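All remarks here apply to the structure that follows.
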Amino acid sequence: MDRVRLGVLGAGNIAVLNVKGYLEDPRCDVVAVCDTDEEAGRLAAKEWGADSYYRDLSALLADESVDAVEILTPTHLHHDHVIAALEAGKHVSVQKPVANSVDDALEMQAAAEKAGRILRISECFVHYPPLELAKRLVSDGAIGKPTSLRIRTLVGQTDSDFQANLRPEGYGWRLDKRSPGGHLFDDMVHKYAMALWLLDLDITSVQAVVRRRDLFFEPCAVIFEYEDPEVLGMMEVQYSPNFYMRSSYYGADEFFEITGDEGQIWVTRATGEMLDLAPVMLFTGTPHERKTTEFTDIEADWATGFVRSSQHFVDALTEGTDAAMSAADATDVLRLCFAVYQAGATRAPVDPRTITGVVSPPGWGEW
Ligand SMILES: NC(=O)c1ccc[n+]([C@@H]2O[C@H](COP(=O)([O-])OP(=O)(O)OC[C@H]3O[C@@H](n4cnc5c(N)ncnc54)[C@H](O)[C@@H]3O)[C@@H](O)[C@H]2O)c1
């Protein structure tokens with residue numbers, strides 16, 4: 001297709017970041033908005049210049065002027081909404097996490113294959129320029145053979161306008177049994193995606209210690225073993241509930257460290273901007289020269305990942321390029337997430353490739 005006529009399903013908290021890339025892309029028109037919250041839906045349709053507002057998904061899907069649907073509804077609804085859109089002949093982009101269970105994700109993948117339509121999962125970290133650069137540096141051999149990946153997430157507070165404007169309704173469904181878990185599910189799927197994508201290697205074993213604080217947050221220390229036995233991964237979530245950090249978005253900050261036989265790469269930010277460092281740094285050294293390369297001339301605003309992700313979906317529809325992230329990749333991310341919960345509960349190593357169904361942390365939602 002030459003142009004994409006997009007319908008947006010769900011005009012909640014994340015929509016503003018997600019839709020910007022479509023609005024800015026000259027190959028795309030946002031033609032319809034659907035939200036059960038009529039006020040939010042009508043307001044979004046007006047702001048985005050969409051011709052139609054619908055309260056019901058069936059009406060949106062019956063609209064023949066809609067080629068593709070961006071699904072931004074709560075995660076527990078993704079399975080039904082994605083399958084309905086595919087069966088109506090629409091191409092689909094859906095926000096992470098793909099679904100609440102591995103079985104649901106597999107059904108969604110099968111529905112896309114049956115319908116012959118594109119299904120991709122919108123994963124903003126895959127399109128965040130500092131992380132793209134880090135992946136490229138690794139594959140170009142900048143640090144030699146990779147041996148280790150560390151991913152640190154620090155959850156705290158922020159007083160950003162974005163955070164202040166979030167609607168509280170967006171939190172209810174994340175805190176009860178409509179979700180299979182807390183922060184390690186809802187947010188950390190981004191970091192599981194990075195654990196698999198940055199090195200392009202499968203993870204064969206997970207060990208984890210997982211705690212819980214303030215219902216939702218799950219400080220943890222996790223070890224990943226990769227299919228290449230010379231590569232190890234470490235993932236930490238730390239929690240500082242009374243610490244206000246610099247962030248234009250949520251109160252969270254990430255740090256990625258990739259080590260190879262010949263050097264190390266740091267990605268010093270993503271959601272937040274806690275550190276006064278270049279977004280990407282490369283450390284290399286020989287007996288004759290030790291070198292630190294700071295990549296400062298790179299777009300590092302976290303929202304850029306959303307904009308580029310949306311434009312990447314338009315690329316896929318108009319140019320037939322691969323649509324990252326695929327449903328199969330997102331299912332592997334979900335398996336890894338559930339493997340961490342299972343390893344945390346049993347304190348035994350878990351092979352994520354064996355995970356089916358859903359795994360929740362002990363006691364989840366019993367409050
Ligand atoms: N990439 C990221 O960093 C990121 C950040 C936040 C949220 N997300 C994901 O985006 C999705 C939405 O999250 P959110 O924070 O915007 O949630 P939200 O609850 O703020 O928004 C969801 C919207 O969907 C609407 N809705 C609910 N049921 C509906 C239905 N049956 N038909 C039509 N509309 C319906 C709600 O009225 C609401 O406006 C989730 O899957 C979440 O995990 C991703």
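The values are calculated or read from the model by the stated rules, or taken from the named source; none is laboratory data. Just so we're clear, the structure is a prediction, and the values are computed from it rather than from any experiment. With ideal geometry, Cβ positions are generated from the backbone for all residues, glycine too; neighbour counts draw on all protein chains shown. Each accessible area value is taken on the protein alone, full model and side chains, heavy atoms only, with ligands, DNA and RNA left out. Shrake-Rupley method; radii C 1.70, N 1.55, O 1.52, S 1.80 Å.
Restricting attention to the stretch 62-71, the residues that are open to solvent by 20 Å² or more (accessible area, probe 1.4 Å) and touching a helix residue (DSSP H, G or I) at 6+ places or on another chain (Cβ under 9 Å) add up to 1. Looking across the stretch 321-337, the residues that are open to solvent by less than 50 Å² (accessible area, probe 1.4 Å) and either of a type in the set (Val, Ile, Thr) or over 17 Å from TRP197 (Cβ atoms) (or both) come down to THR331, VAL333.
For the stretch 30-54, taking the residues that are under 24 Å from the mean Cα position of the chain (by Cα) and more than 7 Å from the ligand (Cβ to nearest atom), the one that is most open to solvent (accessible area, probe 1.4 Å) is identified as TRP48. Exactly one residue out of ALA59, ALA32, ALA15, ALA11 is in contact with a helix residue (DSSP H, G or I) (Cβ under 7 Å, 6 or more places away or on another chain), within 28 Å of GLY172 (Cβ to Cβ) and free of Cβ contacts under 8 Å to residues at least 40 places away in the same chain, and it is ALA32. Tell me, yes or no, whether the stretch 110-133 has at least one residue that is surrounded by fewer than 20 Cβ atoms within 10 Å (Cβ to Cβ), closer than 25 Å to ALA195 by Cβ and not hydrophobic (A, V, I, L, M, F, W, C). Yes: the stretch 110-133 contains one or more residues that are surrounded by fewer than 20 Cβ atoms within 10 Å (Cβ to Cβ), closer than 25 Å to ALA195 by Cβ and not hydrophobic (A, V, I, L, M, F, W, C).
Working only within the stretch 96-118, note down all residues that are more than 11 Å from the ligand (Cβ to nearest atom) and among the basic types (Lys, Arg).
Narrowing the stretch 96-118 to residues more than 11 Å from the ligand (Cβ to nearest atom): 101-118.
Matches in the stretch 96-118: LYS114, ARG117.
Among the conditions (1) within 16 Å of the ligand (Cβ to nearest atom); (2) surrounded by 14 or more Cβ atoms within 10 Å (Cβ to Cβ), the only one that LEU137 does not satisfy is (1). Any idea which of (1) surrounded by fewer than 18 Cβ atoms within 10 Å (Cβ to Cβ); (2) in contact (Cβ under 8 Å) with a residue 24 or more places away in the chain; (3) in a loop (DSSP other than H, G, I, E, B); (4) not small (Gly, Ala, Ser) is the one THR318 doesn't satisfy? Going through the list (1) surrounded by fewer than 18 Cβ atoms within 10 Å (Cβ to Cβ); (2) in contact (Cβ under 8 Å) with a residue 24 or more places away in the chain; (3) in a loop (DSSP other than H, G, I, E, B); (4) not small (Gly, Ala, Ser), THR318 breaks only (3). Tell me yes or no: at least one residue of the stretch 178-190 is at negative phi, basic (Lys, Arg), within 16 Å of the ligand (Cβ to nearest atom) and more than 17 Å from the chain's Cα centre (by Cα). Within the stretch 178-190, one or more residues are at negative phi, basic (Lys, Arg), within 16 Å of the ligand (Cβ to nearest atom) and more than 17 Å from the chain's Cα centre (by Cα).
The set of residues in the stretch 181-211 that are of a type in the set (D, E, K, R), part of a helix (DSSP H, G or I) and over 24 Å from ILE143 (Cβ atoms) contains only ASP186.
Taking into account only those residues within the stretch 106-165 that are charged (D, E, K, R) and touching a strand residue (DSSP E or B) at 6+ places or on another chain (Cβ under 8 Å), which is modelled with the lowest pLDDT? Let's see the steps before the verdict.
Looking only at the stretch 106-165, we keep the residues that are charged (D, E, K, R), and these are 107, 113-114, 117, 120, 123, 132, 135-136, 140, 145, 150, 152, 159, 161.
Now narrow it down to the ones that are touching a strand residue (DSSP E or B) at 6+ places or on another chain (Cβ under 8 Å): 117, 120, 145, 150, 152, 159.
Working: ARG117: 98, ARG120: 98, LYS145: 98, ARG150: 98, ARG152: 98, ASP159: 95.
Ranking the qualifying residues of the stretch 106-165, first place goes to ASP159.
Looking only at the stretch 208-218, decide whether some residue is in contact (Cβ under 8 Å) with a residue 60 or more places away in the chain and touching a Lys or Arg at 6+ places or on another chain (Cβ under 7 Å). Yes: one or more hits.
Please find, among THR286, THR354, the residue that is open to solvent by 40 Å² or more (accessible area, probe 1.4 Å) and at pLDDT 95 or above. Break it down stepwise before answering.
Working: THR286 fails: at pLDDT 95 or above.
Being open to solvent by 40 Å² or more (accessible area, probe 1.4 Å) and at pLDDT 95 or above holds for just one of THR286, THR354, which is THR354.
Residues of the stretch 1-27 that are closer than 14 Å to GLN311 by Cβ, open to solvent by 10 Å² or more (accessible area, probe 1.4 Å) and among the hydrophobic types (A, V, I, L, M, F, W, C): LEU17, LEU23. Applying the condition of being in contact with a strand residue (DSSP E or B) (Cβ under 6 Å, 6 or more places away or on another chain) and charged (D, E, K, R) to the stretch 55-95 and asking which residue is nearest to the ligand (Cβ to nearest atom) yields GLU70.
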